[in-house]
Amino acid sequence: MTLQRLAVPGAILAGIIALALAPYGLKNYGISILGLWAVTTIAAIGLNLTLGYAGQVSLAQGAFVGIGAYATAILMAKGVPFGATLLLSGLLCFAIGWLLGYPALRVQHHYLAFVTLAFATLAFLVFRNEQWLTGGIYGISGIRRPVILGWNTAPERAYFHFCLIMLVLVSGFVWWIVRSPWGRAFLALRENPVRAASLGVDTRRYTLMAFAIGAGIGGVAGALYAPLVTYIDPVPFALSFSLNLLLMVIVGGGGYFFGPFVGAMIAVLLPEWLRFAQGLYLVAYAAAVMVLLVFWPSGIMGILDRLLRPADPNQGAAR
Amino acid sequence: MNTKFLTGVLAAAVLSLGVAAASAQNPPIKLENVAELSGPGATVGTNWKNGIDLAIAEINAKGGILGRKVEVNHADSQSNPGVARSLFQKAIDANPYALLGPGYSGSVKVTASLAEAAGLAQVMGGEAAELTMAGHKNLVRTSFGQQSSMPKIAKYIAEEVKAQAVAVVWVNNDFGKGGRDMITKELAARNVKIVADLSTEAGQADFAADVVKIKNAKADVAFIYLNEEESARILKELHGQNVKIPLIGETTLLGQKVIELAGVAANGVKGHVGLTTDAPVPAVQEFRKRFQAKYNYVPDHNGIKGYLSVYMIKAATEKMGKVDAKALPAALHNITITPDKEPGILMEVTVDEKGDLDRMSFLGEVVDGKQVIKQVLPKLK
């Protein structure tokens, strides 16, 4: 029993150590892809909270990442230290998520998807057209990587390690939320909102909370993205990024804690691994994703869950 | 018998070692290309890639550069600057002699600093004015930047067409915005009024509303600065709504791809052409034939740009007399390459200290579905 209890934390620790050591065997390209994976995973973790746990279909996560990235780039250019911009980006997205949530969460499911889609488009237009603030289509270049407590994160490897630390912190935060009374309320909302309301859960407040926290985490991902790429323009934050994040959460397994990790790995790394197929690599990627979703709609974590725990009648919604 | 056999084996071994040593002394020159092979820039990237492949095949058939064969590896940026940056990193990790591409200006912007940090030459296709203004010492163009082409267009509109009021239609990406900002400035300097300033989307399918605005603005001339497919769509809409004012563009609007897609609607379009396969230059006509024979389509200016990128590297390397990746960026600047010394360059070109080009260019018109060159604008210097 004790061994079993130790197995999961042990595996997680081994995973973190393996990731921390991974860049030593890789060239700059491999490290930058790993960094991209870490940042994308953080964004997907935020969406998983909104979609996977609280059941709200959001197409705005890419826009929140964009808002976080622009906030960080603009504030850093004004001389604000990175630590503060990181926090402010998260808080700004939390606040915008909350404000957007008030009108948006009056509707559900695909209607909510449409409202958030409109928001994502609007955010893109602001990034592109408000040239005085965002640099318009030319974007903002020359974003520096920060020095954190004397640690210069400019080299690819150092910045990846910083992103990895942030990924561990964000994961820990979400782990705590999901197991807190809030997380239980989120699950109750997803499974049966009427029943949750009858049990005294303030559905409106908790839905807003799930949406806003997910948005805030997206903002943190954006704050990390800007120094990773060192240049931002509106194009990467267009609607397709939000759709891609949605794909990651669903392919990885919505509502599974490790779903976004696996989903982001597939979305970021699989096309890279398939590059040997040259002109056909995007076709191969699309085909792989379609086969997965047709045969295993609960995503990769869903398959693993079924394989590892074949028949456990006590398994409820919490996973 | 045994000794003879042994001697034979030894001789063979020595011979094969010798061959191996010789090929180790002459390893191939490796180039890395990152281009828009899928996504909205696929036409640009595919032309560029095929141009590169054609040039390399020709160079290798004639013995390579300084006796060394040339190899290239192509990578697809999906027309996305973030992906282009990662792939550029990968290209640099492969330790190439020089970097080629990308074609989209935004992607050039994110990659230029990487090439500079690595000390490698980057011969690219982007046309946005600001690319060579940022002071990257490793960046070289293969075509005019907007700061070279737009003054020529503005002069043409103001002095030859004698227009007073112009409608400017542009695609709202870094390419279109850069051109729009530059033409606006140049037209204002010549006291020509812009009566409609119409921003359109990349990938836009319906231009009906934009054409109505052009009509209502009572412009003497419409200047159209869009990517290939959108150019064809707006030309069809202008034709459909019976707009009769002169339609003027820069290179793309008179490009082969646009003429094919727009059909009769392209007739009458005029403009400045930096690089065109219809140029009245025999070397360019020959290039077009070879390209068409190999790839079964008529290249646009991006095909010529890709082709020239490799020949620019060849000429600079031969001028240095050695294959030295770190010295190549400097050798590619302040250089004039003439077709009598390097026939592959097609037209005489001078690269200045910033990486901008000076080359002859053309004023053309589409007549009966064909681009016809009406006037040759000589090199400035």
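A few points about this structure:
- Residue identified as surrounded by fewer than 19 Cβ atoms within 10 Å (Cβ to Cβ) and either within 14 Å of another protein chain (Cβ to nearest Cβ) or farther than 26 Å from residue B:146 by Cβ (or both) among B:58, B:36: B:58
- All positions within the range A:22-36 that are outside any loop (DSSP other than H, G, I, E, B) and within 11 Å of another protein chain (Cβ to nearest Cβ): A:28, A:29, A:30, A:31, A:32, A:33, A:34, A:35, A:36
- Residue in the range B:266-274 that is over 24 Å from residue B:183 (Cα atoms) and of a type outside the set (Asp, Glu) present: no
- Criterion violated by residue B:130 - all others in (1) within 14 Å of chain A (Cβ to nearest Cβ); (2) modelled with pLDDT of 90 or more; (3) not in a loop (DSSP other than H, G, I, E, B) satisfied: (2)
- Residue identified as more than 23 Å from residue B:228 (Cα to Cα) and either in contact with a Cys (Cβ under 7 Å, 6 or more places away or on another chain) or in contact (Cβ under 8 Å) with a residue 24 or more places away in the chain (or both) among B:59, B:52: B:59
- With respect to being within 26 Å of residue A:108 (Cα to Cα), hydrophobic (A, V, I, L, M, F, W, C) and either within 14 Å of chain B (Cβ to nearest Cβ) or exposed (fewer than 13 other Cβ atoms within 10 Å of the Cβ) (or both), residue A:194 fits the description.
- Some residue of the range B:177-185 being part of a loop (DSSP other than H, G, I, E, B) and away from every other protein chain (no Cβ under 14 Å): no
- With a requirement of 1 or more residues that are of a type in the set (Asp, Glu), the helices (runs of 4 or more DSSP H) lying completely within the range A:142-254 that satisfy it span A:156-179, A:181-191.
- Residue selected from the range B:70-90 under the condition within 10 Å of chain A (Cβ to nearest Cβ) and small (Gly, Ala, Ser), by the criterion surrounded by the most Cβ atoms within 10 Å (Cβ to Cβ): B:86
- Filter result (farther than 16 Å from residue B:141 by Cβ and either under 19 Å from the mean Cα position of the chain (by Cα) or not basic (Lys, Arg) (or both)) within the range B:316-329: B:317, B:318, B:320, B:321, B:323, B:324, B:325, B:327
- Output for the range A:258-272, where each listed residue is among the aromatic types (Phe, Trp, Tyr) and farther than 12 Å from residue A:39 by Cα: A:258
- Filter result for the condition that a residue is surrounded by fewer than 18 Cβ atoms within 10 Å (Cβ to Cβ) and either at pLDDT below 95 or in contact with an Asp or Glu (Cβ under 7 Å, 6 or more places away or on another chain) (or both), over A:24, A:53: A:24
- Of the residues making up the range B:332-356, just one is crowded, with 22+ Cβ neighbours inside 10 Å, assigned to a strand (DSSP E or B) and either among the charged types (D, E, K, R) or out of contact with any Leu (no Cβ under 7 Å at 6 or more places or on another chain) (or both), namely B:337.
- Criterion violated by residue B:374 - all others in (1) outside the structural domain of residue B:92 (by TED's automatic domain parsing); (2) part of a loop (DSSP other than H, G, I, E, B) satisfied: (2)
- Odd one out for residue B:109 among (1) among the basic types (Lys, Arg); (2) within 23 Å of residue A:276 (Cβ to Cβ); (3) buried (at least 22 other Cβ atoms within 10 Å of the Cβ); (4) modelled with pLDDT under 95: (2)
- Residue, modelled with the lowest pLDDT, within the range A:113-132, restricted to residues that are under 19 Å from the mean Cα position of the chain (by Cα) and more than 14 Å from chain B (Cβ to nearest Cβ): A:113
- Any hit, the range B:217-231, residues being basic (Lys, Arg), modelled with pLDDT under 95 and more than 30 Å from residue B:299 (Cβ to Cβ): yes
- Any hit, the range B:219-230, residues being among the small types (Gly, Ala, Ser), assigned to a strand (DSSP E or B) and over 30 Å from residue B:80 (Cβ atoms): yes
- Count of residues meeting criterion [without any contact (Cβ under 8 Å) to a residue 24 or more places away in the chain and within 17 Å of residue B:306 (Cβ to Cβ)] in the range B:62-78: 0
- Any hit, the range A:158-176, residues being within 14 Å of chain B (Cβ to nearest Cβ), polar (S, T, N, Q), in contact with a helix residue (DSSP H, G or I) (Cβ under 8 Å, 6 or more places away or on another chain) and over 22 Å from residue A:80 (Cβ atoms): no
- Pair list, Cβ < 8 Å and 6+ apart or interchain, from the range B:147-158 residues that are small (Gly, Ala, Ser) to residues that are in a helix (DSSP H, G or I) and surrounded by 19 or more Cβ atoms within 10 Å (Cβ to Cβ): B:149/B:251; B:154/B:183; B:154/B:186; B:154/B:187; B:158/B:187
- Any pair with Cβ under 6 angstrom, 6 or more apart, that starts in the range B:91-113 at a residue that is more than 10 Å from chain A (Cβ to nearest Cβ) and on the phi > 0 side of the Ramachandran plot and ends at one that is outside any helix (DSSP H, G or I) and modelled with pLDDT of 90 or more: B:101/B:33; B:101/B:34; B:101/B:35; B:101/B:124
- The range A:133-146: number of residues that are away from chain B (no Cβ under 14 Å) and either of a type in the set (Phe, Trp, Tyr) or surrounded by 14 or more Cβ atoms within 10 Å (Cβ to Cβ) (or both): 1
The values are calculated or read from the model by the stated rules, or taken from the named source; none is laboratory data. Worth saying up front: this structure is predicted, and the values here are computed from it rather than measured. Heads up, the Cβs are rebuilt from the backbone with ideal geometry, glycines too, and the neighbour counts pull from every protein chain shown.
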